[in-house]
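Let me begin by presenting the structure, written as structure tokens, before commenting on it.
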Amino acid sequence: MSSSLSSTEPRGSRPKRFLSPTSIMIYSALLVAAIYYLIPLYVMVMTSLKGMPEIRLGNIFSPPVEVTFQPWATAWNSACTGLYCEGIKVGFFNSMKILVPSVIFSIIIASVNGYALSNWRFKGSELFFTALIFGAFIPYQVMLYPLVIITRQLGIFGTLTGVIVIHTIFGMPILTLLFRNYFVSLPPELFKAARVDGAGFWRIFLQIMLPMSLPIFVVAVILQVTGIWNDFLFGVIFAGTKNFPMTVQLNNIVNSTQGVKEYNVNMAATILTGAVPLLVYFFSGKYFVRGIAAGAVKG
Amino acid sequence: MHSVSIKDLSLNFGSISVLKNLNIEVADGEFLVLLGPSGCGKSTLLNCIAGLLEISDGQIFIKGKNVTWEEPKDRGIGMVFQSYALYPQMTVEKNLSFGLRVAGLPAAEIQKRIAHAAEILQIGPLLQRKPAELSGGQRQRVAIGRALVRDVDVFLFDEPLSNLDAKLRSELRVEIKRLHHKLANTMIYVTHDQIEALTLADRIAVMKGGLIQQLDDPLTIYNKPRNLFVASFIGSPAMNFVKGEIATDNGKPVFKAADLKVSLADYAAQDKLASGHSVIFGFRPEHIAISDQSGPAGRSCEAVVDLDEPMGADSLVWLKVAGKAISVRVDSGRRYQPGEKVFLTFNPAMASLFDAGTENRL
């Protein structure tokens, strides 16, 4: 009798119920949310794999009876964007040409900014920083026209350089904030020790700070790649017709009004355009989270 | 020649005055400890000496050279930080050599200095490791090594042992003292730990509120604190204080508080003991004798035991005297029971009297 009693008495680790009411609630809520966000993607992929006759039947949720990759090829190679019919690949390469220099320049400048603002405080540096952050809250529309005039005066309006400069400038507030906060979180004594060792501004930055800041650089790259790739406004205004990025080209394909609307081509073009940020999130997920938590990294 | 001398140094952050007109002369090869509670400005002063903080007024001389406007690297100092501040991505060897490589020293010279430092600090086997692979004590040794290889005149320590556990702390404390004997460099050492200060220092500067309260050798600081703050800050267990006044008994000065009366005939500064003066009587727990019989007349009183705290080597007995709780350090051989009646004998020659108004020593 005593042994049967003791077996029901609490002992050791508390038993875990496999499906407690709480976890059922959580998982069902997550499932609903996931389905909600995945349905559009599902419809897009399915539609892009169908031929036009099948699409006209109207069953947007049904999988394709005859799988065809022709819409993808058309979207990439020969879809019409206004006057030209060279597909969205032109936009893809334009976007790359805008993206790579913009990301590199903005991150280099912002990291030096953040380092200077956190470690080399000068008179008025806090004011400077506040002004920079304040810039992030001014609506773009206010600045567009002045920027058009400035870039025109500089002779870079409607060029690749122009749009790269604009992206670099508009990346400054958020990136500087990101880097400054990261560098502030590094132990200040490291900086002091390096100064006693005789290292100057650049040497401390390059040899002490940079090797410790990989996570925040990854976060910055992710932010900038997705932000610049998804940009439409600056591309359409500052890049010039020849350099329209992928987003603008996509809009032109989808909104072109001649003839029949080729839904399958439009869907394929849209997925192609969204693929880059999607892949970035997909492959950097772990780093992204690590970067967000980077404030806790210790030396 | 003075190794470090600080003249009229002031530091303000905006309208807040952090250091107020400090003057310190540190002799060649001296071990000076800056001691005080947190926020007293001791670390700030060290950073000023190192050149890591811009001072508002005054001058700093190191080895007779005015370094007030010099960069930290040109001041001839090496610094050791509380958090070690080792460069995490470099090996121990690279950590040690970083400053030398910056200065552009030839590789052979760098090798020689690292070997020398590694031998002194016994970190030879660790040279190829990264800081993350070292224990706290090893890290701090490397941090000391980084100051050592710079071959400087003055070592600055900013609470170097505060991150270590008690056992390591006492071990490294001895090592730092040994290192000082071996190198005979000037060392300025910031700590809030009075044991470190008392054991290491040639002289201690007790600081509070950006001012130096007392700058003296450890024994003077301990036995003749200049004011009530120094007296209460130094010593563990802390000094006992009883408020009262000076009276005269048979032409001799006595301290009087309620029913407590202690003759001050043996107190050093006889001329300052004016009758009727309101004072604070301070005495250390080890300067009272406890016994079952009444001691010499005029220096003894009766007290009731409140409780006792055995601490191994000795015990601390808490008693009530003149309505105040006081502690007495006794041999741990005997336990005292609460409520027990005992007699205390004071030693006025070792006591301290403070003016109740100014809190300065009489």
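Residues A:ILE216, A:ILE253: which one is under 23 Å from A:THR74 (Cβ atoms), modelled with pLDDT under 90 and buried (at least 19 other Cβ atoms within 10 Å of the Cβ)?
A:ILE253 is the lone residue from the list that is under 23 Å from A:THR74 (Cβ atoms), modelled with pLDDT under 90 and buried (at least 19 other Cβ atoms within 10 Å of the Cβ).
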| What number goes with the only condition from (1) at negative phi; (2) free of Cβ contacts under 8 Å to residues at least 40 places away in the same chain that B:GLY276 does not pass? | (1)
| note | A careful count of residues in the range B:269-311 that are surrounded by 15 or more Cβ atoms within 10 Å (Cβ to Cβ) and part of a loop (DSSP other than H, G, I, E, B) gives 6
| Given (1) buried (at least 17 other Cβ atoms within 10 Å of the Cβ); (2) within 30 Å of B:LEU52 (Cβ to Cβ); (3) modelled with pLDDT under 90, number of the condition A:CYS80 does not satisfy | (2)
| request: Read through the list (1) at pLDDT 85 or above; (2) of a type outside the set (Asp, Glu); (3) assigned to a helix (DSSP H, G or I), then give the number of the only condition that A:GLY285 fails. | output: (1)
| task | Considering each of B:ALA118, B:ALA107, B:ALA143 in turn, give the residue that is closer than 24 Å to A:MET209 by Cβ and either at pLDDT 95 or above or aliphatic (A, V, I, L, M) (or both). | result | B:ALA143
| request: Please give the helices (runs of 4 or more DSSP H) falling wholly within the range B:31-148 in which 1 or more residues are more than 8 Å from chain A (Cβ to nearest Cβ) and in contact with a helix residue (DSSP H, G or I) (Cβ under 8 Å, 6 or more places away or on another chain). | output: B:92-103, B:107-121, B:136-148
| request: Those residues that are under 25 Å from the mean Cα position of the chain (by Cα), crowded, with 19+ Cβ neighbours inside 10 Å and at the interface with another protein chain (Cβ under 8 Å from one of its Cβ atoms), I need them from the range A:201-213; list them, please. | output: A:MET212
| field | Residues satisfying the stated conditions in the range A:146-200, i.e. among the polar types (S, T, N, Q) and either within 14 Å of chain B (Cβ to nearest Cβ) or in a helix (DSSP H, G or I) (or both) | value | A:THR151, A:GLN153, A:THR161, A:THR168, A:THR176, A:ASN181, A:SER185
| For the range B:312-362, which strands (runs of 3 or more DSSP E) that fit wholly inside it have 2 or more residues that are surrounded by fewer than 14 Cβ atoms within 10 Å (Cβ to Cβ)? | B:324-331
| field | Of all residues in the range B:1-60 being charged (D, E, K, R) and closer than 23 Å to A:LEU190 by Cα, the one that is modelled with the highest pLDDT | value | B:LYS42
| remark: The condition from (1) buried (at least 20 other Cβ atoms within 10 Å of the Cβ); (2) free of Cβ contacts under 8 Å to residues at least 12 places away in the same chain that B:ASN250 misses is numbered (1)
| note | Quick count over the range B:330-362, residues being closer than 14 Å to B:SER291 by Cβ and not hydrophobic (A, V, I, L, M, F, W, C), is 8
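Just to be sure before I move on: is A:ARG203 charged (D, E, K, R), outside any loop (DSSP other than H, G, I, E, B) and under 30 Å from A:PHE282 (Cα atoms) in the structure I sent?
no
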| query | Only one residue in B:ALA265, B:ALA257, B:ALA322, B:ALA297 is without any contact (Cβ under 8 Å) to a residue 60 or more places away in the chain and either over 30 Å from B:ARG203 (Cα atoms) or among the β-branched types (Val, Ile, Thr) (or both), so which one is that? | reply | B:ALA297
| What number of residues within the range B:36-48 are touching a Lys or Arg at 6+ places or on another chain (Cβ under 8 Å) and crowded, with 18+ Cβ neighbours inside 10 Å? | 3
| field | Where A:LEU278 falls short, out of the listed (1) under 20 Å from the mean Cα position of the chain (by Cα); (2) touching a residue at least 60 places away in the same chain (Cβ under 8 Å); (3) over 14 Å from A:HIS167 (Cα atoms) | value | (2)
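The values are calculated or read from the model by the stated rules, or taken from the named source; none is laboratory data. Values in this document were obtained by computation on a predicted structure and should not be read as measured data. Note that we place each Cβ from the backbone using ideal geometry, even for glycine, and neighbour counts take in every protein chain shown.
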